[in-house]
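Written below as structure tokens is the structure these notes are about.
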Amino acid sequence: MLELKNNCSIKRTLEIVGETWTLLILREASWGVRRFQDFQTFLGIPRAVLSERLEKLVEYGIFEKTPYKEPGARKRYQYEPTKAGIKLLPVLMALSQWGDEHLGKGSARMIDKATREEVFLKVVSKNGDHVPVERVRPVVRR
């Protein structure tokens, strides 16, 4: 894994997932897409760009690259989100919620797999109390 020198968590994260297409690759993975050809088909992304983005996601431990072989075909790879990759789902949810609120409802919603109820992100304090986002501000860690 490469060392990122900047101390800003947002900047360091965007260096990994902020390139064009990367969040859309993560979105497709959250829907269950795992194979290169499927990512390309669903996104319409150029092969070279997809290959580069997948390599970076593997390099940073967001995806795990595992081989599979279909009968009569050469060995291919699929890309499974790691625990770190799965933990990026709230980022996608936040972008989706913001888009729904400010740009109009999208075609997808997030649900709890167990209850089938729609789920949303909210800001909570350390003790679990809801905090309105308007009251949140960053401070430098000391």
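The values are calculated or read from the model by the stated rules, or taken from the named source; none is laboratory data. Please read all numbers here as calculations on a predicted model, not as lab measurements. All Cβ positions, even for glycine, are placed from backbone atoms using ideal geometry, and neighbour counts span all protein chains on display.
Restricting attention to the stretch 42-88 and to residues that are of a type in the set (Val, Ile, Thr), assigned to a helix (DSSP H, G or I) and in contact with a Phe, Trp or Tyr (Cβ under 8 Å, 6 or more places away or on another chain), the residue that is nearest to LEU26 (Cα to Cα) turns out to be VAL58.
Each row is one residue, and each column tells you yes or no for (1) touching a helix residue (DSSP H, G or I) at 6+ places or on another chain (Cβ under 9 Å); (2) at pLDDT below 95; (3) not acidic (Asp, Glu).
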residue	(1), (2), (3)
GLY106	yes, yes, yes
GLU117	no, no, no
ASN127	no, no, yes
ARG142	no, yes, yes
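In the stretch 92-107, the count of residues that are in contact (Cβ under 8 Å) with a residue 60 or more places away in the chain, assigned to a loop (DSSP other than H, G, I, E, B) and under 30 Å from ASN7 (Cβ atoms) is zero. If a residue has to be touching a helix residue (DSSP H, G or I) at 6+ places or on another chain (Cβ under 6 Å), among the hydrophobic types (A, V, I, L, M, F, W, C) and farther than 25 Å from ILE111 by Cα to count, how many in the stretch 31-52 make the cut? Qualifying residue count for the region: 1.
Checking each residue in the stretch 31-41 for being at negative phi, out of contact with any Phe, Trp or Tyr (no Cβ under 7 Å at 6 or more places or on another chain) and in a loop (DSSP other than H, G, I, E, B) picks out only TRP31. Residue check: ILE86 meets all listed conditions (1) among the aliphatic types (A, V, I, L, M); (2) buried (at least 16 other Cβ atoms within 10 Å of the Cβ); (3) under 15 Å from ARG34 (Cβ atoms) but one, namely (2).
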